[in-house]
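Right, one structure below, let's go through it.
The values are calculated or read from the model by the stated rules, or taken from the named source; none is laboratory data. In this text the structure is predicted, and so the values were computed from the model without any measurement. All Cβ positions, glycine included, derive from the backbone under ideal geometry; neighbour counts span all protein chains shown. We work out accessible area using only protein heavy atoms, side chains counted, and drop any ligands, DNA or RNA first. Shrake-Rupley method; radii C 1.70, N 1.55, O 1.52, S 1.80 Å.
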Amino acid sequence: MAVTVVVVSGPIGAGKTTLAQGLARRFGALHLHSKDFLRKHGGDGSRRTRQELTVALDRETGGRWLADGVLAALRGHGLDAPRLIIVDAASSEAQLDGLRGSPGLRVVHVHLETPEPEQARRDAEPDSFEAAWAHSAERAVHALASLAELVVDTAKTPPDAVLVRVASRLGLYGRLGERLVDLIVPGPHDGVDTRPLTAQLAPHYAVLFRPDGPDPRPSREELEDAFARGHLMLVESAGPSASGCIQAAGIAPGRVRRVVLACRSEGRAFDWVGLREAASLNAPTDLALTLAGDLAATNWAARRFDQLTDAARHHLEELERVAGAPVSFLAPSPEARHLIERRPW
């Protein structure tokens with residue numbers, strides 16, 4: 001798999017380091033400084049010295065010195081090398097060509113720009129700004145905007161917005177419409193215990209939580225990271241509303257893939273009106289049913305749907321018609337330690 005290298009260009013004070021630090025903090029990117037590579041070539045002096053050395057190295061190596069530094073850093077990490085690297089910063093087309101020509105690297109070029117007065121205000125080395133700004137190497141940086149996949153004016157875009165735009169360009173947030181969340185919602189009947197269902201389904205999911213549970217729910221960034229990785233998520237609701245559950249969890253409705261409505265059946269005393277109202281409220285894709293009363297007494301030993309009595313099967317069929325969803329999970333009695341699955345989950 002190719003390593004994604006975000007190479008940033010831009011004039012003094014454009015916000016290159018701020019962006020790099022944000023990507024490193026938020027997404028675990030490896031932040032590489034071109035200054036560090038220059039030091040290995042003797043560039044420990046002033047900014048003017050570094051500018052002169054950059055021009056000399058471009059001439060001597062055809063711009064390859066920056067790519068060679070990135071590849072050496074990757075080799076140094078070995079198998080633990082991250083899949084996302086940000087290089088702060090490139091200053092010539094030759095350096096960009098060197099990176100783009102390196103095997104195993106997917107290069108995305110981001111150019112940041114800002115007006116000169118703002119550059120001077122932000123500069124960390126104000127005493128040398130005028131001389132550095134006038135240098136031919138610095139003036140050439142502005143031409144790199146035409147080569148970039150994304151150009152951002154940081155005078156008009158705050159740092160958090162710059163980060164969002166770059167991360168979106170890289171696809172780090174995943175697909176917003178991808179449905180990766182399954183909900184377990186208790187039905188309208190007293191005594192519905194969703195814990196056995198949650199325990200049985202948990203191995204299928206990378207993330208499992210209850211919004212009002214004792215454990216802290218994932219943060220927005222943790223949720224975004226899980227979605228970006230395509231991780232399936234199981235959310236157990238404490239209340240009877242799927243919409244209330246995802247609101248409490250901070251999850252968009254478009255993320256929901258399945259809604260499992262958990263019901264407890266008492267046979268002839270079943271609350272059909274309550275089931276219909278719960279189905280209208282939650283639009284379940286599946287039902288999880290616990291048999292109780294007479295139906296439990298006559299079906300407690302069942303291990304498959306075809307072992308249910310005729311009365312139990314007829315009851316399930318009517319439940320499915322009223323709820324508009326199949327009974328996918330069945331506990332043959334409230335005390336059952338197993339759930340019958342009608343289809344692979």
The chain: C-alpha pair distances exceeding 39 Å, %:
41
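Find out how many positive minus negative residues lie around ALA336, taking Lys and Arg as positive, Asp and Glu as negative, among other residues whose Cβ is under 14 Å from that of ALA336.
My count for the surroundings of ALA336 gives +2.
Would you mind calculating the relative contact order of the stretch 178-290 from Cα pairs under 8 angstrom and at least 6 residues apart, reporting the percent as a whole number?
Working: 185 pairs, mean separation 45.2, N = 113.
Normalised by residue count, the contact order of the stretch 178-290 is 40 percent.
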Test of understanding: in a Gaussian network model of the chain with alpha carbons linked when under 10 Å, which of ALA312, ALA297, ALA143 would top the mean-square fluctuation ranking?
ALA297
Computed FRET value (nearest 0.05) for ALA73 with ASP212, which takes r as the C-beta separation and R₀ as 41 Å
0.35
Using θ = phi - 60° and the Karplus relation 6.51 cos²θ - 1.76 cosθ + 1.60, list the HN-Hα couplings for the stretch 271-288 in order, rounded to whole Hz, with x at every Gly or Pro.
8, 5, 5, x, 5, 5, 5, 5, 5, 5, 6, 10, 6, x, 9, 8, 10, 10
What number comes out for the charge environment of ARG25, summing +1 per Lys or Arg and -1 per Asp or Glu over other residues with Cβ under 13 Å away?
-2
Using Cα springs under 10 Å in a Gaussian network model of the chain, which residue among THR285, THR18, THR309 shows the largest mean-square fluctuation?
THR309
Can you give the relative contact order of the chain as a percent, counting alpha carbon pairs under 8 Å and 6+ residues apart?
15
Among LEU261, LEU79, LEU112, which one shows the biggest mean-square fluctuation in a GNM of the chain, springs joining Cα atoms closer than 10 Å?
LEU79
Accessible area in square angstrom per residue, the chain, 1.4 angstrom probe
49
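Quick one: pull the percent of accessible area on the stretch 178-299 belonging to carbon and sulfur, 1.4 Å probe, ligands and nucleic acids left out. Numbers along the way, then the final one.
Numbers: 2940 of 5760 Å².
Answer for the stretch 178-299: carbon and sulfur cover 51 percent of the accessible area.
Which value in deg cm²/dmol, rounded to the nearest 500, describes the helix-derived mean residue ellipticity at 222 nm for the chain, given -39,500 (n - 2.57) per DSSP H run of n ≥ 4 and division by the residue count? The partial results should precede the final answer.
Working: 15 runs with 142 residues, N = 345.
Taking each H run of at least 4 residues, the total per residue is -12000 deg cm²/dmol.
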Which cross-chain or sequence-distant (5 or more) residues have an amide H under 5 Å from the amide H of LEU180, H modelled 1.01 Å from N in plane?
ARG257
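Counting only C-alpha contacts under 8 Å and six or more residues apart, can you give the relative contact order of the stretch 1-151 as a whole percent?
42
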Evaluate E = 1/(1 + (r/R0)^6) for GLU149 and ALA311, where r is the Cβ-Cβ distance and R0 equals 51 Å; express this FRET efficiency to the nearest 0.05.
0.20
7 Å from Cα along Cα→Cβ at both ARG179 and ARG220: what's the point-to-point distance in nm?
2.6
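Give me the percent of accessible area attributable to carbon and sulfur for the stretch 62-126, probe 1.4 angstrom. Please report the intermediate quantities before stating the final value.
On the way: 1570 of 2900 Å².
Ligands and nucleic acids excluded, carbon and sulfur give 54 percent.
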What are the aspartates and glutamates whose alpha-carbon lies under 20 Å from the alpha-carbon of LYS156, with same-chain residues fewer than 8 places away excluded?
GLU113, GLU116, GLU118, ASP123
In order through the stretch 230-235: 3J(HN,Hα) via Karplus (6.51 cos²θ - 1.76 cosθ + 1.60), integer Hz, x for Gly, Pro:
x, 6, 6, 10, 10, 10
Once amide hydrogens are built 1.01 Å from N within the peptide plane, the residues lying 5 or more places from ALA292 or on another chain with amide H under 5 Å from its amide H are SER265, GLY267
For ILE251, list long-range residues whose amide hydrogen, built 1.01 Å from N in the peptide plane, is under 5 Å from its own amide hydrogen.
none
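Give me the number: length gained by fully extending ALA56 to TRP133, i.e. 0.36 nm times residue separation minus the C-alpha to C-alpha distance, one decimal in nm. The partial results should precede the final answer.
Numbers: separation 77, 0.36 × 77 = 27.72 nm, distance 1.82 nm.
That pair, ALA56 and TRP133, stretches by 25.9 nm at full extension.
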Grab the other residues whose beta carbon is less than 10 angstrom from that of CYS245, score K and R as +1, D and E as -1, and report the net.
-1
